[in-house]
1. Quick one: Cα centre-to-centre distance for the stretch 64-88 and the stretch 20-56, in angstrom?
2. Multiply the residue gap between LEU19 and ARG81 by 0.36 nm, knock off their C-alpha separation, and tell me the result in nm, one decimal place.
3. ALA50 to VAL27: FRET efficiency via 1/(1 + (r/R0)^6), r the Cβ-Cβ distance, R0 30 Å, to the nearest 0.05?
4. Of GLY60, GLY22, GLY74, which is the most mobile in a GNM of the chain whose springs link Cα atoms less than 10 angstrom apart?
5. With an 8 Å cut-off on Cα pairs and a minimum separation of 6 or more residues, tell me the relative contact order of the chain in percent.
6. When the Karplus curve 6.51 cos²θ - 1.76 cosθ + 1.60 is applied with θ = phi - 60°, which whole-Hz ³J(HN,Hα) does each residue of the stretch 2-13 get, with x for Gly and Pro?
7. Return the label of the correct value of semi-axes √(5λ) of the Cα gyration tensor in Å, as calculated from the structure shown, out of (1) 34, 12, 11; (2) 44, 14, 11; (3) 21, 17, 15.
Amino acid sequence: MDIVTGLLGAAWLAIAAVLLWGVVNGVRRALWDSAPLPFFVMLERRGLNARQVEAAAGAGGVARALRRCAYCAGRFDCGQREVDCPNEALIRHVTRLAQA
């Protein structure tokens with residue numbers, strides 16, 4: 001086996017290892033993170049409920065908001081301290097509609 005073939009084999013092995021690590025890490029996160037999303041607690045804190053969000057944004061909007069909450073890096077601190085919420089624009093919109 002020459003050097004080029006060995007290097008190509010090592011490169012493919014490294015790529016496969018990185019992809020496998022990504023899959024294992026994603027599955028681990030999905031199974032290990034059993035804490036509930038703080039989205040509904042945040043709504044209650046602001047005097048809103050899920051029905052108001054669904055009326056304002058539709059079921060698809062609620063699903064997108066929950067997805068943004070699930071992928072938010074600050075969700076573990078949401079409630080203990082002020083974090084930049086990716087759903088802030090939606091919450092402001094629903095609050096304006098609720099006050100009208």
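1. Centre-to-centre distance over Cα atoms comes out at 8 Å.
2. Working: separation 62, 0.36 × 62 = 22.32 nm, distance 3.49 nm.
Residue separation times 0.36 nm, minus the Cα-Cα distance, leaves 18.8 nm.
3. On the way: r = 28 Å, r/R0 = 0.95.
It comes to 0.60.
4. Highest fluctuation among the options: GLY22.
5. On the way: 43 pairs, mean separation 25.1, N = 100.
Answer for the chain is 25 percent.
6. Here the 3J(HN,Hα) series is 8, 5, 5, 5, x, 5, 5, x, 5, 5, 5, 5 Hz.
7. Derived directly from the coordinates: (2).
No value in this document is a laboratory result; all are computed from the given coordinates. Computed from a predicted structure; not experimentally measured. Cβ coordinates were reconstructed from backbone atoms using ideal geometry, including for glycine residues, and neighbour counts include every protein chain displayed.
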